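These notes concern the structure reproduced below.
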Amino acid sequence: MGKLYDDFKKETEATGYCVNPDVEFVEMLLENIQTNVDRYGYAACPCRLASGKREKDLDLICPCDYRDIDLEEYGFCFCALYVTKDVIENDKKIHSIPDRRKKAQEEKKEETHTLEKIEIDGLKYPIWRCKVCGYL
């Protein structure tokens, strides 16, 4: 096994998580995470499109905010870097899963913006109101 994989596996298992047993695949992911560190200054998930703005990408910095819920539901995360013991022990097939980030962003947008219609002199205009600050 490669040193990169071995080091990552050791660190990950110390936190109670498991790493995908496909060494070549994991090393490729880790190299791409390092590319994102070099490019953006943070470890953005290589399987998602990063904006380059840390504040906008906090949810996808590895390990991303969606890892645990994906592990619970599917047994592996979106990029398949992390897996459960069940996947390893029972040699379960890893497959593509829905990206929770898109849904989370849509829900967040719905939470912070509402569309109201007001009538001025018989004309209806849509008004966007921020639920956080009230700005129109």
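Where a number appears in this text, it was derived from the coordinates with a stated rule and is not lab data. Computed from a predicted structure; not experimentally measured. Here Cβ is always computed from backbone atoms with ideal geometry, including for glycine, and neighbour counts include all displayed protein chains.
Students often get this wrong, so check it: of LYS9/LYS102; LYS9/LYS93; LYS53/LYS85; LYS10/LYS103, which have C-alpha atoms separated by over 23 Å? Numbers along the way, then the final one.
Details: LYS9/LYS102 29 Å; LYS9/LYS93 20 Å; LYS53/LYS85 34 Å; LYS10/LYS103 32 Å.
Cα-Cα > 23 Å for LYS9/LYS102; LYS53/LYS85; LYS10/LYS103; rest within.
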Original post:
What length, rounded to one decimal in nm, is gained on full extension from GLU31 through to GLN105, with 0.36 nm per residue of separation minus their alpha-carbon distance?
Top reply: 23.9 nm
**OP:** Calculate the spin-label point distance for ILE69 paired with THR12, positioning each point 7 Å from the Cα along the beta-carbon direction, and give it in nanometres.
**Re:** 2.1
Subject >> Sequence ranges 65-78, 3-16, 47-60, ranked by mean other-Cβ count within 10 angstrom, highest first >> reply: 65-78, 47-60, 3-16
Subject >> Stokes-Einstein D (µm²/s) once Rh is taken as the Kirkwood radius of region 5-64 over alpha-carbon pairs, at 4 °C in 1.567 mPa s >> reply: 107
Original post:
Tell me, what ³J(HN,Hα) does each residue in region 12-23 have, in order and in whole Hz, if you take phi through Karplus 6.51 cos²θ - 1.76 cosθ + 1.60 with θ = phi - 60° and put x for Gly and Pro?
Top reply: 5, 5, 5, 9, x, 10, 10, 9, 3, x, 7, 4
**OP:** Note down the nm distance, to one decimal, between modelled labels 7 Å out along Cα→Cβ at LYS85 and at LYS56.
**Re:** 4.1
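Explain nothing, just the number: dipole magnitude of region 1-99 about its Cα centre with +1 on each Lys and Arg Cβ and -1 on each Asp and Glu Cβ, in debye rounded to the nearest 20.
With Lys and Arg at +1 and Asp and Glu at -1, about 280 debye.
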Original post:
How big is the shadow of the Cα convex hull of region 13-104, averaged over all directions, in nm²?
Top reply: 6.0
Subject >> Amide H partners (placed H, <5 Å) of VAL19, local residues excluded >> reply: VAL83
